[in-house]
Structure formats: C-alpha cells, structure tokens
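Down below is the structure, laid out as structure tokens.
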Amino acid sequence: MTSYILPFLAFWPMVASICSYLIGRKNKQTRNLFADVVTGVEFLAAILLAYTVVQQGTQYFSVPFWGHDGLLFEADGFRAIYAVVTTLMWMCTTIFSAEYFAHYHNRNRYYLFMLMTEGATVAVFCSGDVLTLFTFFEVMAFTSYVMVIHDEKPGAQRASDTYTFLNVFGGLVTLMGIFLLYRTIGTLRIDEIKELCAALPDKRPLYWAAGLMIVGFGGKSGMFPLHVWLPKAHPVAPAPASALLSGVLTKTGVYGILIISCHMLFGDWIWGCVLLGIAVITMFGGAFLALFSVDLKRTLACSSMSQIGFILTATAMQCILTSQEETLQYHFYAQQGAILHMMNHSLIKLVLFMAAGVVYMNLHQLDLNEVRGFGYRKPLLKFIFGMGVLAIIGMPFWSGYVSKTLIHESIVERIWTYHDYEFAAQVFRIVESIFTLTGGLTTAYMTKIYICVFWEKNPYKQDKMDASNGKYMNKASAVTLTLCSLILPFFGMTVYKTMIPISEFAHEFFYMTGHPHEVHFFQWMCVKGAVASLTIGAIIYLFIVRGCLMSRDENGNKVYINAWPKLIDIEDRIYRPLVVTILPFIGACVTRAIGSVVEVIGRIGFNVFWKFANWYIPRKPNAHEFIAKSKEWYPKHKVDGQKNFAFFKKEYDESAIETWDKVEDNRTVTPIERIPVLDDIEDALRERGRKESWIDRLIAAVTKGAKEGFHIPFFHHLFDRSVGEFGDAPMDAHYGLSAMLRQTMAYALIIFATGLLIAIAYVMIVSL
Amino acid sequence: MIVPVILPIVAGLYILKADFKERAARERFVSAAVIINAAIVLLLSVIGRGLTLSLLPLVPGSPVMFRIDSLGAMFASMVAILWILCIFYAYEYMTHEGGENRFFAFYTMAFGIMMGISFAGNLITLYLFYELLTFITVPLVIHDESIQSKTAARVYLIFSVSGATVALMGIAIIAFTAGTTEFVYGGVLSGVAHGAVAIQLAYLLSFFGFGVKSAVMPFHAWLPVASVAPTPVSALLHAVAVVKAGVFAVARVTYFSIGPDLLNGTTAQYIAISATLVTILYGSAMALMMKHLKRRLAYSTISQLSYILFGLALMSQDGYVGGMMQLFGHAIVKITLFLCAGAILYKTHREYVWELKGIGRAMPVTMTVFTIASFGLVGIPPLPGFFSKWFLSVAAFKSGSNALAAFGLIILAISALLTAIYLFSICVNAFIPGEGFDTETANKGVSDPNRYMTVPLTILAIAIIVFGVLVQPITSLAVM
C-alpha cells in the first residue's frame, strides 16, 4: 500500500526546521512553541502510520526519480514501532529543551538542526532500501554533529571531531560494503535481500560486505572498538541532545546491524559468533567503564554502550539460534529480546538523561562529588530517576526486566541444546555468566549514581542543593518527565498486554516464524536470573564502589575517586596517534615522493629541451647569478635606498626586486607550505663546496628537507612561488609575451618533431 | 549554428575596439551578448539535435565541421548557464581588479571558443578550437600583470600547447587509420583489431595530450600555478571550461573516435587508469596540505577531474555515465566553491584557510553556500558527488577486473575522506570557531557581498541540490 504518511514523516520536520529558524529570528517563545507543535504533529503522524500498518499491513512510498534507483520508504511493524518511539522521544526532549536551553546561545541553530535530524532519523527507520537508509544516515550524521558541538567548549569540539571523523570514515567504509552487496545480489531492497542472499552459493562476498558495513553502523551504535566517541560526546552535548543521541541515534546503527544479521546473513553461524564476541565485549566493557566514572552523564553514556551490547547480544543470538534446526524454535526469544530492549533502552535513557539534564540545568556541574545530594529533598525527581534506574537494572515489574530476561533465556536455551561436555556449551556458559555479571555491574553503577545524587547528603553545600527545591524545573518539564517515567513500570507490569504484542507486531522484519512459547516472566525460573544479577550488583556496590572507589578527604568525609581508566582509552592510545600523526606522515611521505619523481622528470625534460630552446632566446643571467647579485644588493638597497636601488633597477629591473621581496615573504608564510628556498639550498651547496648542478641541488634540498621535516621542493612550488629557483631557465619575468610565445613555440616544435620522428619510425617499422 | 561561436568573438572584439569608458554601458553590452548567445545555445541544444554544418576543408577528409549531438548539447548548455552566472559575479568582482575592458573582451570570446569545442563535429575542429582556447585565455590568466601571473601564463602556455601537440599526433594516427575523424558514438575504427598497437599508442597520446588540460599526473603542475588568475577566471576556466574541455576531448576521442571496445582490457587502458588513480590520491593529499584556499581548491580540482577520466578510462557505458555525472556535478560544485572563495577574497582579502575562522557569522550566505557545495563535492548522499561516485564504483565493479575494481574503490574512498577533511575543516571553523574566540574583532567590517554576488551563489546552491536530486534524468539526456 502506498502511504503518504511516510514522506511526510521524513520531510515535514526538515521543512519545518527552516520555518522554525525564520521564526526564531523574530521571536524565541513562538519558535519554542512551534517546535513543540512540529514534533507533536510528527508524533501523531507516526501513531497514524502505526495504526495504518496494523490495519492494512506494510506501507510503501517511492520517489522514483531520485538518485540511483529512487528513494524507497517502507513501514512494517518494526519500523512503525521505531518511528513512534523516535517521534515520542523527540517530542519529549523538545518540550524539555525550552527550559533547558533558556540561557544558551545559538538556540536557533540548535532547533534548526534538531528538527532536521528528526526527519533524517525517522527516514532512516522507515527506509525500504539500503541506499535510502544510507542517504538519510549520512544526513543525520552531519546534522547531529551540530547538536553535539553545541556548547563549543574545547571538550565538545574534541568529542565532535571524533564523532564526525568516525561518521565520515564509517560512512565511506559502509558505502563500500553497500557497493559489494549491490554487486553481489544486484538489488538493495531490504525485503528482497534475505532470499537473494540465502540463495547465494558463495557467501564470502557477503562476509566482506557485512564486515565493511558494520564499521559505519557499529560506529554509530557505539559498538566496541568504535565506541570511542560515545563516552566523550554525551557528557559534553546538551542533555536533550544526549538523550536523543543515546536513545535514538545509536539505534539507527543497531537498525543497520539488524539488516546485516537478520537479512543479509540470516541464520549464519559464523557471523553470529563473531557478532556475539563483539557484543559481549561491548556489553561488559561499557558497564566496566561506567563503574569507574564519576561524571553523571558519562556514566549514563557508558551505560548506553553496555545496553547496546545487550541488544547486539540478542541480535547475535538470533543469528546463532536460527542457524541450526534444533534451536530454531527458540529464536523468537532473541528477536523479541532485541526489539524490546531497543525500545526499553530508548525510553529509559530518555528519562535518565532528561533527569540528568535537570541536575545540570540547575547546578552546571556533572561531577558526582559536586552534584551529590542534589535530589536529597526533591521527591519528584527522585521518583523519576528511580523509575529509570529500576528499569535499567532489570528489576521485575519494570520494563527492562522483560527484555533482559528474554535475552537471557535465548542464551540459556542455546546451552540446553548442547550436551554438557561439549566445548560450545562451555563457551555459552561463559557468555551467560558474563551476561549476569554485566547485569550486576549495571546494578552497581546505577546504584552508585542514584545513591550519590538522591540519597546522600552533600557534606559541604547541602543548603545550596536544597535552595532550588520546588522550583528546579517548570511544569511542562515536570509533567513530561513524570509521564515518561511512568511508562516504564506500566510496560513492565502489563507485559502480556503491551510488550509481547508490540514485539509480535515486529515479527515481519525479523522473519519470526511459528508461535512463541509462553514465557512466564513472574515465575521463579525467570526471576532467579534477575535476582542473581541484583545480588551480584549489591555485592559489587558494597565492596568495590563503597570500598575501593571512595576515600576520605581531609575533613574525613567520604568522596568519590575519579578512577576513570585513562590507560585503556583506545581513542587517545591508538586512534588519535594513528589518524593525526602516523597516517598523515606516511601519506605525506608518499605524496612528496610522487611529487619528487614528477619533479625530476620535469627537470630532466626542461634541461634537455632548454638546451635546444636556448638557441631561440638571448641568454639572461640564470637563477644562481640572480640570487648572488640580489643577495649582495638587497641589504644595501634597504639601508640606503636610491643609489643602489637605481643600480639594481638598471641591472635587473623593478620586477626582479619584487620577486626577491616575494621570495623573502614566502619564508614567513606557513610552516607547511614553506619551501626550502634559495638560502637553504645554497648553504647546503656551499658546505659541499662543489659546483652546482640540478642533481646536486636536489640532493642538498632532500638532505636538508629530511632534517627539517621533508620539505622537498616541488615542481609546482618552483613555478608557483619563486621564479628564481627555476633551474637553468632564464629569469624571463621581464620578457613579455612575445618571448613567452617564442619559447612556447620552441618547446612545442621540439616535442612535435620528436613525436613526428617516432611516428615515422613507427610507420616504417610497421610497413616493413 | 555557427552563430554561438561567432557572436561572442565578434562581441569581444567590439569591446576591445570600443574601449568602453562607462561601466554600466559595458555591463549592458556584455550581458546582452552573453545572454543572447546563451539563449541561442540552449535553443539549439533543445531543438537542434543532429544539425550538421561543414565549412572549408582544412585537412583532406576532415573539414571544419559542426554537429550538435547529446553530449555536445549538454556540455554547451551547462557552460552557457554557468557563464551567465559568472559574468554577473564578475561585474562586481572585477571592480577591484581593474583592466575590465580587456578582461571582459577575452572572457566573452572564450565563451564562443567553448561553444566551438562543444559543437565540434570532428577531431580536427575540436583541436582547432582547443588550441584557440589556450591562447584566448592567456590574457585572462595574466590579468594583473604581476610576476606570478606572468610565470603562471608561461607555464600554462607551455603545458597546454605541448599537450595539444602530443594530442595532435594521436589524432593524426586516428585520421590515418580511419580516414575520417568524425564523431560517432562507439567509434569510427571499425576495421581495426582489438588492442592494435597503433590504436593504443593513439589513445595514450591523445589521453595524456588532452589530459594536460585536465591536469592528469604528471602534467598537473600548471593548474595550481594558474590559480593566481582573478577568481571568475579560476572559477569558470580552471574549474569548468578549460579543464573540462580537456576531459570533453578525451571523452570524444575515447568514445566517439576510437571506440571503447577496441581499448577495453588493453595495456593502454591500464596505464591511463593508473595515471588517473595516482592523480586522484595525489590531488587530494596535496589539497590537504595547502593552506591557501584557492590553491587548495585547485588541487581538489586536479583530484576530482581524474574521477571523470577514471570513469572514461573504464571503457564501458557505465563508466561513461559515471564520468559525465561527475563532469556536470563537479562543474557546478567547484564553480560554487571558487566563487565563494572569491567572495571572501573580495570582501576581506583573506586567502589563507586559518584566516577564515569565525567568518561564517559575518558572511552567512557565502559560507552556507560553501558548506552545501562542500557536501556536494565530498559526496554526501542527496548531493551530486555521491551519485557520480556510486556510478563510477558500479562501473569499476562491472569492468570484470576485480583488482582494478577493488583498487579503484579504495582510492575513491580514501580520496573522499581526504576531501571531507580539507573542506569540512573550513566549514566547521567558519561557523563554529569555538568558545572564547573573539568573533566580533575577527569579523570587523566584514559582511556578505552585494546582490551581484549573492544571487548567483544562491542560485548555484539551489542548483547543486536540484542537480543532486535529478542527477539521473539530467545525465541520461547527455548519454542518449
């Protein structure tokens, strides 16, 4: 069915963003209201879309003339759910933004790009072919850049540099993967991919394509080892932007990975295992990092990474479970776990980041020791944040519990189908224990920040913390946050009425078959996993967080230690040195080497041709003589003007002096473009004490360049800047056009004659 | 159909003779000439497909001949439209350069020569106008008569004329073998064996000969040097007309004279492709190192032109389509970038990249247009650069040689990454100078230029987006 809601969802916010910009130049209040209305309308449209999908099945819309094969939008159950989640989150954060940004600069810019990002993000989720997906994925990457860098603080700039580099690099690598996919199966329509890929006899190109595509998608979703931007960007971005980045934008990456693992490589054992490995590292690594963080939003960011790890685990388990007959019947655990955990994580992070935003909005601090005790006497905020915490740690009757249980079940089922002694069974046992341990870590770090901000008193400035009681957020924000936080227990308590139907609604995208078994979420079988996690979490909190990560300061009060593990920061240890230093160095060396080769050829050519062309043009002093003279006269000319200047002028005319001035100026222009001008070469020559020739000069320059950082002279530089350095060619700056023409003709004639000789020789040889 | 060739030349000569004293009068005259001519060109391009006109026989078997086919018509229309925009831009820009009579005379004449190149019906005619183009543009390069521009003009002349001479030898071999040099899609050399040495030689000679103008390695050195010319010249000639004339000539030789089938899989093809790939990488890397804005754009041009040549050298329909897409897309994007650089130069006399920090606040229109064009050049999906890369990569994949495809693809990706770095760093610094940067002081007295400049820039920015969206139908017009 063709549905016009789809293009509306994609383009309405983009059009509205420009309107909002124009309105914002006149009136800020109206702009805020307008943005609320825009996102509200978008949310209603998404609801309408979901309703249409329920009624009429999958919806399509195509724009045939666009680009390669046209744009194709498609909405099935899964995409409709995600359109609703996305627009809901955008609506909530927009309402919250009005208060949060009240004292910010450049708000107009934020709203412009925030709305554009909304359109692009919804379009990513509603894309029907990979190229459409990629198109909006890139648009989203660049518009969200502005949201990350909004503060323009050095930290924000650094983080957003990393973010955008990862986006551009990941985008290009992904594009190569998409090419490969297109070449292999000849189409990019998502609903055709699975069958065509399954029919392929040789899966190797698909592995390559998947390996390339996951770089961009994984980078966006915060997958190890491309997670580096996530813990850096979230703390520095404004809170509403962090909520969106963490809640929705990472999910676009997950959506891409779902396309790889549920469509391209459906039921592929190898891919499932590789992805599971990465997912487990991401899951555990994120939680591990979060434990050491003393920055409120950074903890939440690391937590996002960890939760993405949970989702990827579910995705990987889905691949593994569908790869074998005997486990096929259990694959719906993993699939339902994936979709539900995606949705839950979005909603939970919305609540947590907005609550953290309330803290930041009032205190402009995020350090745990500084914000400690902020929520001590603020029951509403305490309640809101508490809902988020309970949901994310997987407390039964909250939403997170359901999805985590499903993912856990999928691993357990996989173990049960093996015999105990099998190696694979042991491996999946380890995965299960890491899963439980990570659940424990989640409990520990969430308890850490919750107790710190909401249950402990600040030993130094509790008065200041309590000063804002009752007026720390306005009505609109309070209502929004409360409603959002109430969704979490609501979903958790009405599992069979809400969450299970929602996950079944998404079955089409995941190729879910058969009837899902009843899962008894509230029986001991399931609850015991959660209890194990919570117990481990309590132990870790009591012994590690309270015991090792806190110490007494000089007044005897316990404070949190910043134990953020800098040593294992992949970005600073590996990526930055690689991208900023090593690769450019290699690239520069290669480029300069190529340039030098061309230069040598050119010099040989000019030396050879010059010997012939010389007959046509009267000789003028060559570069060397010119420089010697200029050097002699230049200082004098500066000190005692007219007389020497006149002499100089007579000898070399005004333009020559001008040249010399320009050459001098060049030396101060910029280190990177600096060329080893005449002095350097001459000094080198003098040291060598040999008669100059072009090869000597070159050697001298290279020697010097090697010492000072590879400033090998280039052909174009010679032409470009200092006419004086032009080998044996005359200083014909003052020659005029006719001489130039004659010279040109000379060259042309010589080349033509040579060519003619070759041609004649060739024809003779052929005719013989 | 000889009118669009003759009219601007006559108009240009008249400007030289009349030596206008009043700016307004000259502007009226130039606008009239250019717009009327462009209108004729567009009309001919639409209704005049297939028209043929033979004039005096220059070489036995190859008279001076004009013919309008799809490629020529599209190329001519593109040049005509961009010429109108540039001429309005130049009115304002040239006020601070002086010597406007000579400038506009030659600028207008070059228009006629370009039409000669587009509508040329055989290689000899193409060659004739190709040489004329070199000479007619020298006074434009040399415009400010400084020592740099004289050197630049000299280098430009030496390179171009030598290149054309080499190409002439290739043309001679083709004429000798085929007996005619007319353009027929698919080639005129029907009786020749695949991969004959003479044909390979002819191809390489003309590829590198005409390649000099499109700055293929190792004959790229003149282009960055020539960027000392006034911005309308750098923009129109060194991003669109002159360099694209080289590409256009290569396309004519490859696809309309020799024929891609004869060359597919030969050593000559591999040599040509290697040269273009090296150039792509080299140009991007050098652009990254340049801190001078116009020179950075010039190196970027070197790199981007080789994308087109890469497509053409793939010797397939897809490669041709990808190349043409890149030809039109790059023309419109690069001219925009150059005009923005010119606007900055005109208003602030800032030439170096680090001087542009925070300038986006003072020149929002210019820098927004610059940003859009940057996205277009890097190839962010809905914009033209993306689709040309897409088609080039698809063509590389279909070429049958896996190594070639993989290699080409990786080089395109690395080059795109470099392009992103050297362009986005400018955009980001312009709009987001960072906390604590004193934008007020840095931008004192700086504002967007007046309507003569901003209107063409805005039109171009819109055109980039429209072209990106409609790239498929537009290119299919050229490839019919």
- line: Highest mean packing first, using Cβ neighbours within 10 angstrom, the peptides A:503-510, A:26-33, A:308-315, A:404-411 sort as A:308-315, A:404-411, A:503-510, A:26-33
message: For A:M550, B:M363, A:M317, B:M286, which order do you get if you count the other beta carbons within 10 Å of each Cβ and list the fewest first?
response: A:M550, B:M363, B:M286, A:M317
At R0 = 51 Å, FRET efficiency that the Cβ-Cβ distance of B:L43 and B:R350 yields, to 0.05: 0.75
- prompt: Taking a label point 7 Å from the Cα of A:R183 along the Cα→Cβ vector, which residues of segment B:413-438 have an amide N closer than 18 Å to it?
  reply: B:413-416
statement: Rounded to the nearest Å, the spacing of the alpha-carbon centers of segment B:184-243 and segment B:31-75 is 21 Å
query: Does chain B classify as rounded, prolate or oblate by the C-alpha gyration tensor (a ≥ b ≥ c root eigenvalues; a/c under 1.5 gives rounded; else a/b over b/c gives prolate, otherwise oblate)?
result: oblate
- prompt: Roughly how many whole Å is it from the C-alpha centroid of segment A:71-88 to that of segment B:411-458?
  reply: 36 Å
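Under the rule a/c < 1.5 gives rounded, and otherwise a/b versus b/c splits prolate from oblate, where does segment B:1-261 land using the Cα gyration tensor?
It is oblate, given that a/c is not under 1.5 and a/b is not larger than b/c.
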query: Quick one: helix B:23-47 against the long Cα principal axis of chain B, what's the angle to the nearest 10°, folded into 0 to 90?
result: 40 degrees
query: Of B:K334/B:K357; A:K194/A:K297; A:K297/A:K558; B:K213/B:K334; A:K26/A:K232, which ones are farther than 28 Å apart at the Cα?
result: A:K194/A:K297; A:K26/A:K232
statement: Proxy exposure order for A:W269, B:W390, A:W208 (fewest C-beta within 10 Å first) is A:W269, A:W208, B:W390
- prompt: Helix B:100-119 versus the longest principal axis of chain B: what is the Cα-based angle in degrees, 0 to 90, to the nearest 10?
  reply: 30 degrees
- prompt: Quick one, what does Rg over Rh come out to for segment A:379-495 if you take C-alpha atoms and the Kirkwood Rh?
  reply: 1.16
- prompt: Which pairs break 32 Å Cα to Cα here: A:K349/A:K457; A:K349/A:K528; A:K475/B:K444; A:K349/A:K464; A:K28/A:K461?
  reply: A:K475/B:K444; A:K28/A:K461
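Going by how many other beta carbons lie within 10 Å of each one, how would you line up A:L166, A:L212, fewest first?
The order, fewest Cβ neighbours first, is A:L212, A:L166.
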query: Check A:D129: other-chain or 5+ apart residues with amide H under 5 Å from its amide H, H built from backbone geometry?
result: A:L72, A:I190
message: Tell me whether segment A:83-159 comes out rounded, prolate or oblate; compute the Cα gyration tensor, take square roots of the eigenvalues as a ≥ b ≥ c, and use a/c under 1.5 as the rounded threshold.
response: oblate
query: Under the definition of partner shielding as Cβ atoms of other protein chains within 10 Å of a residue Cβ, what is the mean value for peptide A:213-224?
result: 0
field: Other-chain or far-sequence residues with amide H under 5 Å of A:S62's (modelled H)
entry: A:F73
message: Between A:Q29 and A:L578, what's the calculated FRET efficiency when r is the beta-carbon distance and R0 is 60 Å? Round to 0.05.
response: 0.80
- prompt: For B:217-227, what's the mean count of beta carbons from other chains sitting within 10 Å of each residue's beta carbon?
  reply: 4
task: Mind pulling the angle between the C-alpha long axis of helix B:242-251 and the longest principal axis of chain B? Nearest 10 degrees, somewhere in 0 to 90.
output: 30 degrees
message: Quick check: Cα centre of segment B:325-401 to Cα centre of segment A:548-589, how many Å?
response: 36 Å
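Values in this text are rule-based calculations from the coordinates and carry no lab data. Keep in mind that what you see is a predicted model, and the values were worked out from it rather than measured. So basically every Cβ, Gly included, is an ideal-geometry build from the backbone, and we count neighbours across all protein chains shown.
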